[in-house]
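Novice: The structure under discussion is supplied below as structure tokens; questions concerning it will follow.
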Ligand SMILES: [Zn+2]
């Protein structure tokens with residue numbers, strides 16, 4: 001078993017630490033003894049072959065550049081057609097859809113991997129913690145941080161990823177109280193964090209998809225279920241974030257601050 | 001009231017509020033007084049700035065330190081310690097500028113640190129003789145503008161400011177773009193350790209290629225490229241030197257550490273030179289400084305000698321991890337995510353914490369759990385101790401000095417508490 005993780009155009013789509021998603025997948029594969037490679041794919045080169053592609057957030061100008069480069073390169077669409085996994089965050093999420101707004105106020109054509117369309121929202125920018133309940137019953141709550149001004153409509157060719165409990169996600173108004181979208185092995189989300197560091201179960205779902213896709217393409221046997229990792233640190237972070245996003249937020253903050261130092265001490269494997 | 005009378009009343013109010021705030025122990029009072037003054041007279045900054053020589057310092061990282069270095073460089077020629085008006089507490093928006101100028105002599109030379117978002121306003125209000133542009137990189141994206149947008153705003157503001165000399169970092173393409181329409185520029189090869197925000201060309205949206213193999217050049221296909229520098233920073237067996245294009249050399253021997261501070265000092269020396277201060281003398285005066293607002297100072301924290309370091313964003317962390325990189329002592333990393341820090345600590349994933357491998361590392365601060373996860377994926381063994389002083393005490397058990405690197409409020413809290 002082996003897995004190639006590609007971080008797409010980090011110099012254009014790497015504004016919010018989202019390159020970390022690639023690191024998380026790569027490490028979680030290696031910790032399980034799966035041969036894994038992490039590639040940083042620069043926008044002046046053809047996109048390399050991979051099993052999982054990660055796209056991150058970016059500023060308005062670079063976002064338009066990245067979309068144009070991906071459309072003319074064509075390899076991301078080709079890889080997705082052959083069952084590779086795509087995880088696209090924020091600006092990356094917008095550009096794998098059908099259209100998105102640029103800084104010039106114009107709509108730009110997206111890569112068209114996911115049936116979502118984004119327009120510029122009328123209200124204030126959505127900035128803050130997000131808490132969302134995934135529609136996939138196998139996934140626990142998603143936690144992340146959003147920072148965008150897009151309103152994204154999920155079309156009939158895709159499904160929303162989660163229902164928003166705290167935050168904006170795909171946007172405000174009727175039909176928009178959802179977060180992210182998914183279709184086959186292509187997933188988009190507004191969650192930074194990076195999202196896979198805060199949601200290891202989601203990382204493992206993508207890893208599982210990536211290994212299945214790799215096996216299919218190479219005519220190999222399907223992978224066995226992923227071994228369980230010690231995610232104590234991720235779980236501690238999740239517990240804190242989930243508590244801070246809930247209505248009981250102030251109380252829980254204070255509890256943390258006044259906890260005696262000794263109780264806070266945690267060793268690491 | 002005539003404008004003049006209103007301004008002096010507003011300046012008096014600023015001073016009165018500052019004194020009152022200090023007296024009741026509610027901080028240094030600079031911002032509160034400045035706000036009151038600006039409410040009484042919205043053009044107070046123009047009035048306080050009129051008839052004096054003002055130098056501005058801005059950029060994402062190094063503003064406070066470079067401002068202090070520049071003050072040290074100018075003081076001997078201005079009448080000694082305290083003779084230069086400055087916002088020493090780092091209140092770098094208009095209210096802080098008002099407070100800095102409302103105290104002391106009306107014609108005192110002023111050196112002001114300016115928030116990146118307020119350079120345009122400061123240029124108009126203060127008509128500075130020098131504007132120092134250090135660098136631009138991502139910082140607190142949840143509440144500040146994108147760096148490309150800032151660079152564009154600086155560019156048009158500096159293009160309209162005909163009187164100011166610009167001292168600009170030639171190694172940062174976003175700074176070079178910002179200075180591109182200024183009438184008078186002195187280019188300094190001040191270096192750029194963190195390049196992730198510099199690859200996209202601000203002129204054409206193409207790509208900037210950096211020279212490989214230790215060279216400093218950079219160029220885009222559109223022709224936008226590194227300007228010919230007026231002064232660079234060189235290192236040899238004998239030390240660090242500022243070397244000018246005309247052959248002049250001066251030693252850079254600072255009491256504060258780091259390559260980035262040597263660069264900050266050379267930027268300051270060039271700015272001082274424009275006001276007529278000999279660069280060598282300026283650098284010697286800067287050498288006396290041993291800490292800046294607690295940065296780089298060594299404090300006793302629960303019996304542990306602790307060097308306090310401040311890093312707020314990926315570029316700042318890049319510099320500090322290089323600074324501590326050769327040491328072997330314990331490191332405490334402290335992360336908060338309050339308003340002043342930025343609420344989103346995702347940027348931790350832009351920092352090469354891998355470089356701390358092999359050290360005793362303790363993660364602390366209100367967001368120590370985010371940091372712990374980051375360190376786990378960097379495969380850096382660590383302990384997680386939420387309370388910062390307890391974290392230092394535990395790191396200190398290995399003996400020797402501890403390096404404490406915190407982001408803004410984490411640093412300020414430890415500095416204030418111990
Ligand atoms: Zn260009």
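Coordinate-derived values only; no laboratory data. All values reported here derive from a predicted model rather than from experimental measurement. Don't worry about glycine lacking a Cβ; one is built from the backbone with ideal geometry, like all the others, and counts go over all protein chains shown.
Novice: Rounded, prolate or oblate: which one fits the stretch B:205-313, using the alpha carbon gyration tensor with axes a ≥ b ≥ c (rounded when a/c is under 1.5, else prolate when a/b beats b/c, else oblate)?
Specialist: oblate
Novice: Ok, one more. In the stretch B:79-227, how does Rg compare with the Kirkwood Rh, expressed as the Rg/Rh ratio over alpha carbon atoms?
Specialist: 1.01
Novice: Take the Cα gyration tensor of chain A, multiply each eigenvalue by 5, square-root it, and list the three semi-axes largest first, rounded to whole angstrom.
Specialist: 28, 25, 16
Novice: Can you give the alpha-carbon Rg of the protein assembly as shown over 2.2 N^0.38 Å, where N counts its residues?
Specialist: Relative to the 2.2 N^0.38 Å estimate, the protein assembly as shown comes out at 0.99.
Novice: Now for a separate question. Work out the P(r) tail for the stretch A:1-90: percent of alpha carbon pairs separated by more than 22 Å, whole number.
Specialist: Pairs farther apart than 22 Å: 21 percent.
Novice: How high is the relative contact order of chain B, in percent, counting Cα pairs under 8 Å that sit 6 or more residues apart?
Specialist: Answer for chain B is 12 percent.
Novice: Quick check: convex hull over the Cα atoms of the stretch A:85-164, volume per residue in Å³, rounded to an integer?
Specialist: Dividing the Cα hull volume of the stretch A:85-164 by its residue count gives 101 Å³.
Novice: In addition: With n ≥ 4 as the cut-off for DSSP H runs, can you work out [θ] at 222 nm for chain A, using -39500 (n - 2.57) per run divided by the number of residues, rounded to the nearest 500?
Specialist: Helices in chain A give a 222 nm mean residue ellipticity of -9500 deg cm²/dmol.
Novice: Using a 7 Å offset from Cα along Cα-Cβ at residue A:215, what residues in the stretch A:59-98 end up with backbone N under 14 Å from the label point?
Specialist: Hits in the stretch A:59-98 for residue A:215 at 14 Å: none.
Novice: Dividing the alpha-carbon radius of gyration of the stretch B:98-168 by 2.2 N^0.38 Å (N being the number of residues), what value is obtained?
Specialist: For the stretch B:98-168, the normalised Cα radius of gyration comes out at 1.20.
Novice: Round to a whole angstrom and tell me the spacing of the C-alpha centers of the stretch B:201-218 and the stretch A:97-139.
Specialist: About 32 Å separates the Cα centre of the stretch B:201-218 from the one of the stretch A:97-139.
Novice: Radius of gyration and Dmax for the stretch B:298-417's Cα atoms, expressed in Å?
Specialist: 12.6, 35
Novice: With a cut-off of 8 Å between alpha carbons and a minimum separation of six or more residues, what is the relative contact order of the stretch A:115-206 in percent?
Specialist: Relative contact order comes out at 28 percent.
Novice: Give me the distance between the Cα centres of the stretch A:173-214 and the stretch B:76-117, rounded to whole Å.
Specialist: 50
Novice: To continue, here is another question. Based on alpha-carbon atoms only, what is the radius of gyration of the stretch B:3-286 relative to the globular estimate 2.2 N^0.38 Å?
Specialist: Working it through for the stretch B:3-286, the quotient is 1.01.
Novice: Given points 7 Å out from each Cα along the Cα-Cβ axis, report the residue A:35 to residue B:43 separation in nanometres with one decimal.
Specialist: Calculated label separation equals 7.4 nm.
Novice: Note down the nm distance, to one decimal, between modelled labels 7 Å out along Cα→Cβ at residue B:183 and at residue A:122.
Specialist: 4.6
Novice: Report the relative contact order of the stretch B:298-417, percent, no decimals, based on alpha-carbon pairs under 8 angstrom and at least 6 residues apart.
Specialist: Averaging sequence separation for qualifying contacts and normalising by length gives 39 percent for the stretch B:298-417.
Novice: Let me ask something else. Between residue B:121 and residue B:15, how high is the FRET efficiency from 1/(1 + (r/R0)^6) when r is the Cβ-Cβ distance and R₀ = 30 Å? Nearest 0.05.
Specialist: 0.85
Novice: Ok, one more. So if R0 is 60 Å, what FRET efficiency would residue A:49 and residue B:149 give, r being the distance between their Cβ atoms, rounded to the nearest 0.05?
Specialist: That gives a FRET efficiency of 0.95.
Novice: Per DSSP H run of n ≥ 4, the term is -39500 (n - 2.57); total these for chain B, divide by its residue number, and report the mean residue ellipticity at 222 nm rounded to 500 deg cm²/dmol.
Specialist: Value at 222 nm, helices only, nearest 500: -11000 deg cm²/dmol.
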